[in-house]
Every structure is written in structure tokens, then in C-alpha cells.
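To start, the structure itself, in C-alpha cells.
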Amino acid sequence: MKRTIGRTASLILCPLFCLFGGCVEPREPADPMLSVNTLIEAPEDYARVRIGTPEWPIPAYAQYLKGVRICLDPGHGGDAHKRAYKRGPTGVREAEMNLRVAFYLRDCLEAAGAEVLLTRYADVDSSLAERAEAANRWNADLFISLHHNAIGKPEVNRTSVWYHRDVDHRPSNLDLARYLAQGLLNAFQFPQVTGDCLNSDALMYPGGFGILRAADVTAALCESSFFTNPEEEQRLRTPEHNLSEAYGLFDGLARYAYAGLPRVELVEPADGRVIPGQTKTLVFRLDDGLRSRKSWGSDRQGILSSTIDVRLDGQPLAFDFQNKGYVLTATLPDELSPGGHQVAVQFVNKNKNSVLDPRIWIDVPGAAADASEYRLNYRAETDPWLQRQVQEIDRVLSAHFGLRVEERAVGLLDLTRGRLALIRPDEMFYAASVPKIAILLTWFEKMPESAEELAPDVQDALGRMIKLSDNEMAARFSRQLGLPAIADVLESPKYGFYNKKRGGGLWMGKHYAPGDERLRDPLEDLSHAATVRQCLRFYLMMDQGRLVSPAASAKMRDIFASPDLEHSQSKFVKGLAGRERTILRKSGTWEDFHHDTAFVEGEGRRYILVALTESPRGEEYLVELAAAVDDLLAPAQADAK
């Protein structure tokens, strides 16, 4: 109604303006090479109301997509300001067609029971690494980057699908690319084809496409058609054509799942810990993706024996395979160096599909590490075994409590072995009370003599600030120090707890009391902020005696401990209840933000755990995370000896 009234009023008033004030020259038409919303508008549920109809049926074989985790990456985005960038002859944007095809493909897949994640849901830009990392963190089974192609020859229009590096690099990549290509060829029926539409990305760049190089899961990239072809550009504007493309991809994926998605599982030792002198073999259970359906003849072998291959760090292992139970037993060498090792188990099922992820990490315990010289900088590498274990814990807990990828970040540093695991370590969160540790650090930085002579009442007040999260005490000290002084310490080269060039970090820019004084962080305008990496570094440097001085670090440990004060029985402390653990921690909660950071030791364990969450169920996640990590780090028999 408002649109009708506004248009009517303008028709009446326009001649009056011309009569009394003169007419204004009409504006030049907008530059089509800078335009947005270049597709023909369609209802949000355009695909959903059509999927399952006779024209767009869900085939019976699509039922085997149920539970398959598929990450869709609509290429580009956030680039409309770049004139003529990724646009067709009349200005239609590739980023928009990619996103709509992704939405329609998601709707098809979800109708069949698949789990789907998109790397973007709007016209925004993110790096190739961030897009691939979304699939990696989510533990996707398949990652598909959706694109449309361009060339200086407008008559060209055909399909191509790309895999990373060579055919032997990860055979499942080739499987995925093959089924996607078949789906697109069936959907489009273009008169033009190349002799082979499956291409290695090394044809374009020596290192391949960045998005495929960064993907740690089975992945492929589609260039479905050429938007530089004038007729195809106009078709790509229409929801009908977008749905046709999405449906072709969906059908290819359904046929892929129907042919079986092979997997491998380590069953002994289940936790991947190999005890020197005791563990002689590794036992795997193979899954051809077909036998569990219990079809007629499913008890017969559906794995090609000649394709079974087991390698430890690239070297072949002797093995025995039994069709009954699909059990594979590999013999380990007599000596294995301490640390993480990669085992790759590869095979092909009778439909010629390869294992989605053939890699399994095992861990060989060794002597305790000296963590006194460990440096947790931006180049610090994660331990493959520990990283996989923490990712799996996070995957299970986040699914159970409904935390999305962007709603949590986790870091674990095992000081007994010098092993690191990180999930979104440099993502900055509003941190509630966690930055009170910055007040403590600044107090000793500005008053180093306190390390030797600290009045009991001051130590008690600092303990209440840290262990009880007392806001009154925190405000007392931050006002005495001043917000600029705290910021100077956090940003100083000595500590680097906040770095604008690295996405921020630990920040304390508002007193924990009523008042208008604020010194917000320069990047995201947060009053209190933290990242996993910087919280880990704080505890590590305190343990190493590198906060201010060895004496000051020791005094800070005493303040964290404050044995006369009781921990709040929440988050990590609740998760570790009943276990003989020494816990130095600083937690924080505000609305849906639930965080905990802790140094934990006891019963052969010595580690730092940090988790930041933004979810109504973040508290529950933190409780279970602490228990699971503590169980994970239980000393192996060899360690105990």
C-alpha cells in the first residue's frame, strides 16, 4: 500500500514542480558494472516449494545422503564495488548467482536429509583460508566450491569441475568431481563440451587453487557454466536456471552417496596411543559404504582386495584383511619415534569409490617435554594427533549443545609433551571478566616491587578480583592504574597480548563498575576482549616466569591459587569436580558469553585449557569440554612408567 501511495503522489507532484520550479534533468542511469541485485527476484522459498514435485523429484537413491555433512562454498562475495569484477556482459554478478545456486542446492540436500553448512549466507567477503577452514572445523564429509566461469570469447559455454593436484593426491577428490560433473552435464546438456571436463587445479597454478589447497576434507570446485556468454548470463539471472543447476549437482551427489562413501576407523588402540614395546599392531574396521544397508549379497566382499594399501608416514605396512567384519590388521615396525605419526588406509569399493579420509593419526608417548622454552607465537604448529582429538571432542559437544562454528573457540596446550591444539585461536570475543588478568599483569608491571613485598590486604583484594571475579576490586585497581596504562602493557612489544595486525587479542577498556570512561579496542570497538591464543600465552608465560619477572610470575600464581577463597563451581571447575587437580583459572560470563581459561595440573597432567563461547548453552559445553580434555590427557602406561 505504501508503495502505491508514494508512486501516486509523485505522479501528481512532479508536474507541479516542473510548473513552479522548473524540471530537473533526469539522472544518468546507474552504472551496470557497479550494480547489485542483478538477478531476477524470486521468493525465498522458490526452491523449497518445488523440491519433491514431479518436475523436481527426490529420487529414491537420494536417501543415502542422510547424515552426510556437506559444506557449500558460494564463491566470491562482497565485491560489487569493484567495477566490472566477475560480471557478465550486462553486469550480472557471479557472486550473486553462486549464492543463489548454493541456497537452492542446500534446500535440495536438506530435503534428502543431508547436513549442510554454507561458508557465506550473504554478499560478504571472506578469505579462501577462512572458507576452507569452516569446512575443516565442521568436520565436513564433502566440500564444494561453487563458481561460474569467464573467458574473453563470448561464444564459449561449457562445464568443468576441478580437483586438487594429481589423481593420486586424494582419490576421493576425483570421485566427488566426477559425480558433480555428471550431474551438471545431465542438467545443462550444453552443445559444447571439452574432451575431458575433469581438470587438475595444477593446470591453472603450480600450487593449485587456494581454496582446494586449504581444504582438509574431500573437495572439488565447480565452474558450472560461462557467465561471459551473453545467452548464458541471462539464463543465470533466472531462478529456473539456478534451480536446474542446483538440482543437477544434487543428483550427482545423490548418485555419489548411493554408490557408497567408504570410511575407515581405528578400533585398536581406539585412542590412537601406541605404547612402545606393547602395541604391535593396529586394527581397523573398513566401511565400503554399502554393507551396512544389508542388501542381498551384502555379506560378500565389496572391497577390491588389490586396492587395499596401508602406509605409516608414507611407508607401506604389512597387513591382513578379513572379509568377515571388514577387519584389517596392520603390523607396526619394532621401533617408532615418539610423537605423532600418520597412518593412511586406502581402498576402493566395488563402485570404484575411494575412502573419504584415509588418514588416521597415532601418538607414541615419549619422555616428558621441557616446556620452559616453548613459545606460543603465531607460527606455533599444532600437534596432529592432539588436534584431531580436540576437534572430535568439540564436534561432538557442539553438535549436542547446538553451538555453531562461529560460537566457540578452543585452545589446549599440553605442557607435559609440548603439544598444541587450536580451534579459531585468533577469533576475538567479548570477554566479560576474563580481561581482569590484564589488570593483574599491569599492577605488577607498574609496581614490580610488589613481587617481593605485597601487603596482605592488597594480595587478598587481587585474589578476590581473580578467583571470585569481584568487580569492585577490579574497578579499584583499574582506576588506580588507568585504562591507557593497561592498554600500553597489552600492546607492548614485550608481551604483544593485543596486536592490531593480528586481529586483536586481550583487551581491558572499561572499569568493572558504572561509569562512562571507556577505551575500546581499535578493531571491533569492544570494551573487554580476548582470544584463545593470547589467553594461552598469558598462562604459559606466567608458568615460565616471563610475566614481569620470575618473582612477579610466582606471586601471580599465588594470587590465582588464593587457597582461602573458593572457586565458583561452574564451567571448567564443575567439569573437573571430584578429580585431584590444581586449577588456576579466570572465567567470565555475560548474557550468552560463557568463557573459561585455566592452568590445570595433577595425576600426571599439566596443561592449559581455554575456551570462549557465545551461546545460551555455552556453560554446559565448557563443563563437558573440561572433563573430556582431562580424560584425553590421562597418562599412557608408558608415560606413567
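Convert each backbone phi in the stretch 531-540 into a coupling constant with the Karplus relation 6.51 cos²θ - 1.76 cosθ + 1.60 (shift: θ = phi - 60°), then list the ³J(HN,Hα) values in order as whole Hz, x for Gly and Pro.
Residue by residue, the stretch 531-540 yields 10, 4, 4, 6, 5, 4, 4, 4, 5, 4 Hz.
Go ahead and run the numbers for FRET between Q342 and S35, Cβ-Cβ distance against an R0 of 60 Å, rounding to 0.05.
Plugging the Cβ-Cβ distance into 1/(1 + (r/R0)^6) gives 0.75.
Quick one: if you stick a label point 7 Å off each Cα along the C-beta vector at K500 and E335, how many nm between them?
Those two pseudo-labels are separated by 5.4 nm.
Once the dipole of the chain is set up with Lys and Arg at +1 and Asp and Glu at -1 on Cβ about the Cα centre, which of V116, I486, A529 lies farthest towards its positive end?
My answer, from the dipole projection, is V116.
Would you pull out the residues with amide H under 5 Å of T228's amide H, same chain only if 5 or more places away, H placed 1.01 Å from N?
I151
Could you work out how far the C-alpha centroid of the stretch 279-324 sits from that of the stretch 74-99, in angstrom?
After rounding, the separation between the Cα centres reads 46 Å.
Please say if the chain is rounded, prolate or oblate, where rounded means a/c under 1.5 for a ≥ b ≥ c the square roots of the C-alpha gyration tensor eigenvalues, and otherwise the choice is prolate for a/b larger than b/c and oblate otherwise?
Because a/c hits 1.5 or more and a/b fails to exceed b/c, the chain counts as oblate.
Relative contact order for the stretch 207-287: what is it in percent, counting Cα pairs under 8 Å that are at least 6 residues apart?
On the way: 37 pairs, mean separation 15.0, N = 81.
Reported as a whole number, the value is 18 percent.
From the helices alone, meaning DSSP H stretches of at least four residues, give me the mean residue ellipticity at 222 nm for the chain, per-run term -39500 (n - 2.57), in deg cm²/dmol to the nearest 500.
Theoretical 222 nm ellipticity from helices: -10000 deg cm²/dmol.
Rounded to the nearest 0.05, what FRET efficiency do H169 and L468 have when you use their Cβ-Cβ distance and R0 = 35 Å?
0.05
What are the semi-axes of the equivalent ellipsoid for the stretch 340-384, taken as the square roots of 5 times the Cα gyration tensor eigenvalues, largest first, in whole Å?
On the way: eigenvalues 252, 39, 3 Å².
Equivalent ellipsoid of the stretch 340-384: 36, 14, 4 Å, largest first.
Check which residues have an amide H placed less than 5 Å from G504's amide H, if you skip close sequence neighbours.
For G504, whose amide H was placed from the backbone, the distant partners under 5 Å are N499.
For E44 paired with K82, estimate the spin-label separation in nm (one decimal), with each label point 7 Å from Cα along the Cα-to-Cβ line.
Distance between label points: 2.9 nm.
I want to check the label-to-label distance for E392 and T582. Put each point 7 Å from Cα in the C-beta direction and report it in nm to one decimal.
Simple spin-label model gives 3.2 nm for this pair.
Can you list residues whose amide H is under 5 Å from R419's amide H, if they're 5+ apart or on another chain and H is modeled 1.01 Å from N?
D414
Zone of E601 (label point 7 Å along Cα→Cβ, backbone N under 19 Å): which residues in the stretch 572-590?
What the label zone holds, given the 19 Å backbone N cut-off, is 573, 576, 579-586.
So what is the accessible area of the chain per residue, in Å², with the probe set to 1.4 Å?
On the way: 29390 Å² over 641 residues.
On a per-residue basis, 46 Å².
How much length is gained if the chain between L203 and R479 is pulled fully straight, taking 0.36 nm per residue apart and subtracting their Cα-Cα distance, in nm to one decimal?
Here the answer is 93.3 nm.
Peptides 175-182, 297-304: what's the order by average Cβ count within 10 Å, highest mean first?
Per-residue mean Cβ counts within 10 Å order the peptides as 175-182, 297-304.
Which loop trypsin sites (Lys or Arg not before Pro) in the stretch 33-120, with loop taken from DSSP, have no more than 14 other Cβ atoms within 10 angstrom of their Cβ?
Within the stretch 33-120, the qualifying trypsin sites (Lys or Arg not before Pro) (loop, at most 14 other Cβ atoms within 10 Å) are K66, K82, R83.
Taking Cα pairs under 8 Å and at least six residues apart, what relative contact order does the chain come out at, in percent?
10 percent
Per 10 Å bin from zero, what fraction in whole % of the C-alpha pairs of the stretch 131-214 is there, up to the bin with the longest pair?
Per 10 Å bin, starting at 0, the Cα pair percentages come out as 16, 47, 31, 6, 0.
Return the whole-Å distance between the Cα centroid of the stretch 399-460 and the Cα centroid of the stretch 468-534.
Here the two parts' Cα centres lie 12 Å apart.
Which ³J(HN,Hα) values in Hz, rounded to whole numbers, follow from the phi angles of the stretch 617-627 under the Karplus curve 6.51 cos²θ - 1.76 cosθ + 1.60, where θ = phi - 60° and Gly and Pro get x?
Values, residue by residue: 9, x, 4, 5, 4, 5, 4, 5, 4, 4, 5 Hz.
Per-residue HN-Hα couplings for the stretch 325-340, Karplus 6.51 cos²θ - 1.76 cosθ + 1.60 at θ = phi - 60°, whole Hz, x for Gly and Pro?
Rounded to whole hertz, the list is x, 6, 9, 10, 10, 10, 8, 7, x, 5, 10, 9, 6, x, x, x.
Assuming R0 = 35 Å, what is the FRET efficiency of A60 and D299, from their Cβ-Cβ distance, to the nearest 0.05?
About 0.90, to the nearest 0.05.
The values are calculated or read from the model by the stated rules, or taken from the named source; none is laboratory data. All values reported here derive from a predicted model rather than from experimental measurement. Every residue, glycine as well, gets a Cβ built from its backbone with ideal geometry; the counts of neighbours run over all protein chains shown. Accessible surface is based on the protein model in full, side chains and every heavy atom, while ligands, DNA and RNA are left aside. Shrake-Rupley method; radii C 1.70, N 1.55, O 1.52, S 1.80 Å.
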